[in-house]
Amino acid sequence: MRYSKMLIPTLKEDPAEAEVISHKLMLRAGMIRKLATGIYSYLPLARRIFNKVEQIIREEMNRAGGQEVTLPSVQPSDVWEESGRWNLYGKELLRFKDRNSRDFCLGPTHEEVITDLIRREIRSYRQLPLNLYQIQTKFRDEIRPRFGLMRGREFTMKDAYSFDADEGSAEESYDRMFEAYNRIFERCGLEFRAVEADTGTIGGSFSHEFMVLADSGEDAIVSCDSCSYAANVEKAEIKGTDFVSGDRPRPRKGMNKVSTPGMKTVEEVTGFLKVPSRDLVKTLIYESDKGAVAILVRGDHEVNEAKLRSVLGCNELSLAGDETIAETTHAPRGFAGPVGLGVSITADNAVRQMSGFVTGGNEGDAHFTNVNLDDFKVDAFADIRMVTEDDPCPRCNGKLRLSRGIEVGHVFKLGTKYSEALGATFLDANGKEQLIVMGCYGIGVGRTVAAAIEQNHDEDGIIFPVPIAPFQVLILPINIDKNEVRDTSEFLYRSLNEEGYDVLLDDRDESPGIRFKDADLIGIPIRLTVSKRTLKEDVVELKSRRTGEVVLINKDSVLDEIRKRLSG
RNA sequence: CGGGACAUGGCUCAGUCUGGUAGAGCACUGCGUUCGGGACGCAGGGGUCGGGGGUUCAAAUCCCCCUGUCCCGACCA
């Protein structure tokens, strides 16, 4: 391609709307433009990058036995009613009516549609296993879209679905996809880690997320220094037996009420009473679809709402408002405690190990000290808190490390959740009707591109990994009005194109400075600078975007050098 | 949905507090000079100051309502 003919509207300054680096750089490099919150147009440069990533995905999916399909993105409510998710999915599901007032939605995912297809077409175990995938635009009316392509409302997703005759075979399908995902993200040049994950609304029994390690990531993950354990903090289990239990003397019975005027936060209370925060029990009032509940965690711990949700078995869960707090505790926010509380109490396992602790007094400006477990009734103990770096690895007791990640892929073992809901069955070898065992597997294409940029950039711009670069080589002629410069550039352009490389010839009538800056910004891996200065010696300059290395190469050996650098 | 901020040529922003002729830099058009790291000169074009209402002789500026955008939390590829 000739740069002068391409729409690559680069920006000199950071746009005000962007906060994270990948978003800024994608806007500055002229890759994307925003139409509305979380909804973007992909310009030619972005399209080329997407095509590269999608091609890698296709090759690996096909290698793993997948077949590409395209399912409708406009979906009737019927199948969603059948799965039960028409009611469960909430506002994230963008719903609308057609001219006949029939309910439809824009597909946020395709379990319903694919299961509907499969239940009609699969009759026999001889047709299994089967793996179908698509690369398609999804729509989720996210509560808070942000960071450009990192969390859009409209986004490109590869979603795959596996169908198997039994659990064992389903696990093989899962492993094959797991393997394919590893290859895909490796080929995209990403530093990533597969971690155990929570299954969320998609449902299912078992899942892994593929996390690209980046400080700007929205997810926190823990990984073990000693073994292969890694998990999303939402999921990470806590080894229940390892809490330092009461080595300290058993305190005498009898709690004391103390005045704590205006002391609402854990820091304020513990600072005021001069006790460590781990000697306080934090009482949080939550509102769930089962009414108000009280949650107890140690003062230095945080509640994990994902765990809490599954422990309580509820969908709706949020911290209670001031009104509910006043109703349940008879005190303003900041003074809730378990003693004498009228609602059901769920406590974290760590609380079981505590004694002689501080709690709220259920009365304004008052706390209790020297409280013990027999001073109130806990309805259930469970693992309901976030892991910390101080917790031991749940597998090997090793040291856990916290880091941040961008979730670019997610694999789920679904089991028979959807086949049961929609009645997707087959006849086994014995002529017996069985439920199809399913799995589903997603990759956020745009997010993968954004993550790649987060991991590969410097102060001058993007540094694309070769496999996903929009062009592999950029030719930058300096004095294009000189015949020898133009002829050499054109010659290189033609020959590289003939060799099948993606080449961008910057033939714009712009100053060299502008073109050098743009070259760095859009991150093409190899830059060839052709100028009359070097042509005197019959050489052109080759610069690696990643290393900054500059070499002069005889113009007749350029092809060989590029071949050498771009192979493997 | 809760909390915070912002909205002025294509972009980045000043002007708002203290009401009085809409500005700068970049970008854009034409001509000329430049040409290895965001060049220079001259001449130009381009803005209902997010929208609506109000106060005032007078509103980008003060007041009310709405909309949009961004950031922090719960949702997710």
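The values are calculated or read from the model by the stated rules, or taken from the named source; none is laboratory data. Please read these numbers as outputs of a predicted model, since none were measured by experiment. Because the Cβ atoms are built from the backbone with ideal geometry, glycine has one as well, and the counts that use them run over all protein chains shown. Note: areas computed on protein heavy atoms with side chains; ligands, DNA, RNA excluded. Shrake-Rupley method; radii C 1.70, N 1.55, O 1.52, S 1.80 Å.
Structure notes:
- For segment A:471-566, the Cα gyration tensor yields ellipsoid semi-axes of 17, 16, 13 Å (square root of five times each eigenvalue, largest first, whole Å).
- Positive-pole candidate from A:L504, A:A366, A:A429, dipole of segment A:351-504, charges at beta carbon: A:A429
- Unpaired by the 4.7 Å Cβ criterion, cysteines found in chain A: A:C105, A:C188, A:C314, A:C440
- FRET efficiency, 1/(1 + (r/R0)^6) with R0 25 Å, evaluated for A:R333 and A:D390 via beta carbons: 0.35
- Per-pair calculated FRET efficiency, R0 = 30 Å: A:R352 and A:I143 via Cβ, rounded to 0.05: 0.30
- Normalised per residue, the accessible area of chain A is 45 Å², obtained with a 1.4 Å probe and no contribution from ligands, DNA or RNA.
- Pairwise FRET efficiency - A:V69 versus A:S495, Cβ, R0 = 30 Å, nearest 0.05: 0.15
- When peptides A:9-18, A:389-398 are sorted by average Cβ neighbour count within 10 Å, with the highest value leading, the order is A:389-398, A:9-18.
- Antiparallel %, DSSP beta bridges [both residues in segment A:469-544], to 5: 35 percent
- Rounded D (µm²/s) - segment A:109-158, Kirkwood Rh over Cα pairs, Stokes-Einstein at 20 °C, 1.002 mPa s: 162 µm²/s
- Taken along its three principal axes, the alpha carbon spread of segment A:74-139 comes to 40, 23, 23 Å, from the longest extent down to the shortest.
- By accessible area with a 1.4 Å probe, ligands and nucleic acids excluded, highest first: order of A:S259, A:S531: A:S259, A:S531
- Taking all protein chains together and a 1.4 Å probe, the residues A:D518, A:D383 rank A:D383, A:D518 from largest to smallest accessible area.
- Shown here are the Rg and Dmax of the Cα trace of segment A:1-126, at 20.0, 60 Å.
- Between A:K5 and A:R533, the modelled label-to-label distance comes to 3.0 nm, taking each label 7 Å out from Cα in the direction of the beta carbon.
- Here the simple spin-label model places points 7 Å from the Cα toward Cβ, and for A:E59 and A:D487 these points are separated by 3.8 nm.
- Full extension of the chain segment joining A:R120 with A:N182 gains 19.1 nm, where the gain is 0.36 nm per residue of separation less the Cα-Cα distance.
- Segment A:540-554 versus segment A:1-58: alpha-carbon centroid distance in Å: 26 Å
- Label-reachable residues, segment A:6-30, where backbone N falls under 16 Å from a point 7 Å from A:D215's Cα toward its Cβ: A:19-23
- Of the solvent-accessible surface of chain A, computed with a 1.4 Å probe and all protein chains present, 47% belongs to carbon and sulfur.
- Chain lengthening between A:E237 and A:E433 when straightened (0.36 nm per residue, less Cα-Cα): 66.8 nm
- Computed accessible area, A:V378, all protein chains, 1.4 angstrom probe, square angstrom: 30 Å²
- Accessible area of A:F178 in the full protein assembly, 1.4 Å probe (Å², nearest 10): 50 Å²
- Cα centroid separation, segment A:291-311 to segment A:150-177 (Å): 31 Å
- Ellipticity estimate at 222 nm from DSSP helix runs (n ≥ 4, -39,500 (n - 2.57)) divided over chain A, nearest 500: -8000 deg cm²/dmol
- Measuring between alpha carbons in the structure, the pairs from A:K482/A:K564; A:K282/A:K377; A:K52/A:K532; A:K307/A:K377 lying more than 25 angstrom apart are A:K482/A:K564; A:K52/A:K532.
- Extension gain from A:A380 to A:K564, taking 0.36 nm per residue of separation minus the Cα-Cα distance: 59.8 nm
- Solvent exposure of A:L94, expressed as accessible area, is near 50 Å², computed with a probe of 1.4 Å over the protein chains only.
- Relative contact order (%) - criterion: Cα under 8 Å, at least six apart; region: segment A:471-566: 30 percent
- Kirkwood-Stokes translational diffusion coefficient of segment A:256-382, alpha-carbon pairs, 20 °C, 1.002 mPa s, µm²/s: 150 µm²/s
- Here the convex hull built on the C-alpha positions of chain A has a volume of 205 cubic angstrom per residue.
- Once you reduce segment A:325-387 and segment A:431-466 to the center of their Cα atoms, the two points are 43 Å from each other.
- Taking chain A and dividing mean pair separation by its residue count, relative contact order in percent (alpha carbons under 8 Å, at least six apart): 17 percent
- DSSP bridge orientation in chain A - percent antiparallel, rounded to nearest 5: 80 percent
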